[in-house]
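A quick write-up on the structure given underneath.
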Amino acid sequence: MTTQKRPFFSTLAGRVSGSVCALLLLLGVMYLTAPKTPTGGAGPVITPKIIASTDERSDKELARIIEGLQPGKLGISSDREEMLSQLNSWKKKYVIQEEVASLTNDADLIHKILSGETLQRVEAKLFLPEDASHIRECLLARAIVENVTANLTSDTARVVALFQFVSNYISLLPPEASETMAITPYEAFLFGVGTAADRTWAFSSLLKQLRLETVIVRPSTKELQGYWLIGVIVPKEGVLMFDPQLGLPIPVLEETVTTAFPELPATLAQIQKDDAILRQLDAKGNAYPLSSKDLQDVPIQLIGSSSAWSSRMAEMQFMLPIGINTDLYDGLGNNALYQPGKIERVIDAGKDLWTLDDITIWSFPDQQISRIEAARGVEGTELGNLLLVMAGPYINEVDPKTGNSYQSTVRRSLHFVRIQQLMGDQVEALKNLFPIRTAASQLQLPANMLANDYATIWTGMCQYEEGKYGPALDSFQRYVNSHNPGEGWTRVAFEWAAMSYLKLDNKNENYLKAAELLANAPRGYSGNRDAFLVKRWLKLGGVELKAAAEKSPDAPSTPKEEAKPKPVDTPETPEPEQPNVENKPAEPELPPTAEAKPESAAKPDAE
């Protein structure tokens, strides 16, 4: 391995101690290059990173590699295996082991709490394939956080806004969906669907960029262990509680309702003392499953993945060039980058709520990563087929030299445009969605039909985010009118159409219209969500509570199937099964994998 002698200023000791002048210079640079989004007020203390190395080659090379790992590039115009090779080449050339050896000091702790494949991945010295995906996920999370929370001034407001974003952009699937398709937060945001577990992981990945701790709070009652809440540790506020199944914060008791969605979450301590907080979520015929009694002496689980806990990610975090502001590493124990470590931070924050004996590691993220990596290269998986859809839509073109016809993709793929949308570039996303819809309508492949559905719904979302609520409402209503009940994205269209009504003038009238729309939407998997929101909106619209209770929908004990993306079969099979779809085209096929190239010769990142 090639190593280089670095000057004292670029050793760990030099970076941490530094001269007063260097530190002042650093503070000035940090001020000028600080991220737009404020970080959690009392998050982990970060050791100052004093950059005074005369060797700029490492920074330049790493910046170039990170550019290839950006969302919107990795898996679209850059190949994961190639970027992984470049990462490890950079590590061998520039990362001096003696310099970074003292960054982490939690090997004993890691061996005590981790085992099996997770432990092996954490201890790997070279970067692993999933590390490239982890870096991309962190970069996307950072962009989302900066966009969503740009004008918010408190941690509580930021957390609530990000949870609303997750609920809006990841439509709920039943728990068993995780058994047939393993995804990470990146794919959950990309496809727009996920289970309560996927939502939980995605929410945690966003809050990591604010350096706020997220934990799973499981009820102490054994029979209810499968239903959990998310606890967000906000300094000076407490542990704010969210329900990923409902897609709502657990609301404090409000004397007067003033907002369409709850904006002040109850804390775990408040819920433990007052069961009336949870009883707000009861619906006629279906009580909310948890009570304050179930949340006494709760076991909790830490959320994270092997990539985030590894020393190699700590090294990369330490070596990031100035101007690249993202959190890649989150040490479980003592380390020089975040003090104290994750476990100690969680124990300190919950000293009146839980003890060390109550804390375990949530196994879901690494189980999903193992399944994704094991399925890599296997043809015909649901995940692989959806990634093929995202690489399209597909169009027929003619080779001018030979006159032969072949299938290609549009210039800006569905994948690329979705990332534009998630990162807040709604104007460009809208421009690129129009040719996607046009291309999809010209070639009746099942992949293109699904691409057209995606593009239609995303058009309405972009219009909504741009403040064009009337056009957004029209887009969602057209989608509903052109699809059978419960088909495709109709559930999502109903929800976004209701939110569009809430933004229009004539507030009282439109609160009532939104409530009526949601009351008539196809039932989803979110339990009592609709009943709670309908009652809330009717109240805001001036309807008496008694009438609101009569008009609010019952929460079905066995929810009907929520609208979700149509399943996609393998490229060799006919059009996938689509419930309630009439006049289907005769035996359309997905494009052959060899011709289904995204916007470059690079193959899709089939995770």
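The values are calculated or read from the model by the stated rules, or taken from the named source; none is laboratory data. Not measured: the values here are computed from a predicted model. Ideal geometry is used to build each Cβ from the backbone, glycine not excepted, and the neighbour counts take in all protein chains shown. Side chains are part of the model used for accessible areas, which takes the heavy atoms of the whole protein and leaves out ligands, DNA and RNA. Shrake-Rupley method; radii C 1.70, N 1.55, O 1.52, S 1.80 Å.
Structure summary
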{"read-out": "Answer from Ile135, Ile144 - the residue that is over 30 Å from Phe494 (Cβ atoms), β-branched (Val, Ile, Thr) and crowded, with 19+ Cβ neighbours inside 10 Å", "value": "Ile135"}
{"read-out": "Test: Asn396 is in contact (Cβ under 8 Å) with a residue 40 or more places away in the chain, more than 26 Å from Ala472 (Cβ to Cβ) and open to solvent by 60 Å² or more (accessible area, probe 1.4 Å)", "value": "yes"}
{"read-out": "Given (1) surrounded by fewer than 21 Cβ atoms within 10 Å (Cβ to Cβ); (2) out of contact with any strand residue (DSSP E or B) (no Cβ under 7 Å at 6 or more places or on another chain); (3) on the phi < 0 side of the Ramachandran plot, number of the condition Arg211 does not satisfy", "value": "(3)"}
{"read-out": "Residue list for region 331-360, restricted to those being under 24 Å from Ile271 (Cα atoms), among the aliphatic types (A, V, I, L, M) and in contact (Cβ under 8 Å) with a residue 40 or more places away in the chain", "value": "Ile343, Val346, Ala349, Leu353, Ile359"}
{"read-out": "For Ser178: the one exception among (1) part of a helix (DSSP H, G or I); (2) at pLDDT 95 or above; (3) polar (S, T, N, Q)", "value": "(2)"}
{"read-out": "Complete set of residues in region 350-365 that are open to solvent by less than 50 Å² (accessible area, probe 1.4 Å), under 14 Å from Val298 (Cβ atoms) and either assigned to a helix (DSSP H, G or I) or not aromatic (Phe, Trp, Tyr) (or both)", "value": "Gly350, Leu353, Asp358, Ile359"}
{"read-out": "Any hit, region 457-468, residues being modelled with pLDDT of 95 or more and more than 22 Å from the chain's Cα centre (by Cα)", "value": "yes"}
{"read-out": "Top-ranked residue in region 174-186 [being surrounded by 24 or more Cβ atoms within 10 Å (Cβ to Cβ) and not β-branched (Val, Ile, Thr); ranked as farthest from Gln368 (Cα to Cα)]", "value": "Tyr186"}
{"read-out": "Members of region 306-335 that are out of contact with any Phe, Trp or Tyr (no Cβ under 8 Å at 6 or more places or on another chain) and open to solvent by 20 Å² or more (accessible area, probe 1.4 Å)", "value": "Ser311, Ile322, Gly323, Ile324, Asn325, Asn334"}
{"read-out": "Residue within region 492-500 that is over 24 Å from Gly194 (Cβ atoms) and either in a loop (DSSP other than H, G, I, E, B) or not small (Gly, Ala, Ser) (or both) present", "value": "no"}
{"read-out": "Criterion: surrounded by fewer than 21 Cβ atoms within 10 Å (Cβ to Cβ) and either in a helix (DSSP H, G or I) or not aromatic (Phe, Trp, Tyr) (or both) - qualifying residue of Leu518, Leu533, Leu512", "value": "Leu512"}
{"read-out": "Residue list for region 264-284, restricted to those being part of a helix (DSSP H, G or I) and of a type in the set (A, V, I, L, M)", "value": "Leu268, Ala269, Ile271, Ala276, Ile277, Leu278"}
{"read-out": "Single match in Thr267, Thr221, Thr259 (criterion: more than 15 Å from Leu162 (Cβ to Cβ), in contact with a helix residue (DSSP H, G or I) (Cβ under 6 Å, 6 or more places away or on another chain), open to solvent by 10 Å² or more (accessible area, probe 1.4 Å) and of a type outside the set (A, V, I, L, M, F, W, C))", "value": "Thr221"}
{"read-out": "Of residues in region 114-125 being open to solvent by less than 60 Å² (accessible area, probe 1.4 Å) and part of a helix (DSSP H, G or I), the one nearest to Gln339 (Cα to Cα)", "value": "Val122"}
{"read-out": "Counted residues, region 224-256 - those being open to solvent by less than 10 Å² (accessible area, probe 1.4 Å) and of a type in the set (Val, Ile, Thr)", "value": "5"}
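Yes/no per residue for (1) open to solvent by less than 30 Å² (accessible area, probe 1.4 Å); (2) in a helix (DSSP H, G or I):
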site: Ile419; (1), (2): yes, yes
site: Lys431; (1), (2): no, yes
site: Ala439; (1), (2): yes, yes
site: Gln444; (1), (2): no, no
site: Ala447; (1), (2): yes, yes
site: Asp453; (1), (2): yes, yes
site: Cys462; (1), (2): yes, yes
site: Gln477; (1), (2): no, yes
site: Val480; (1), (2): no, yes
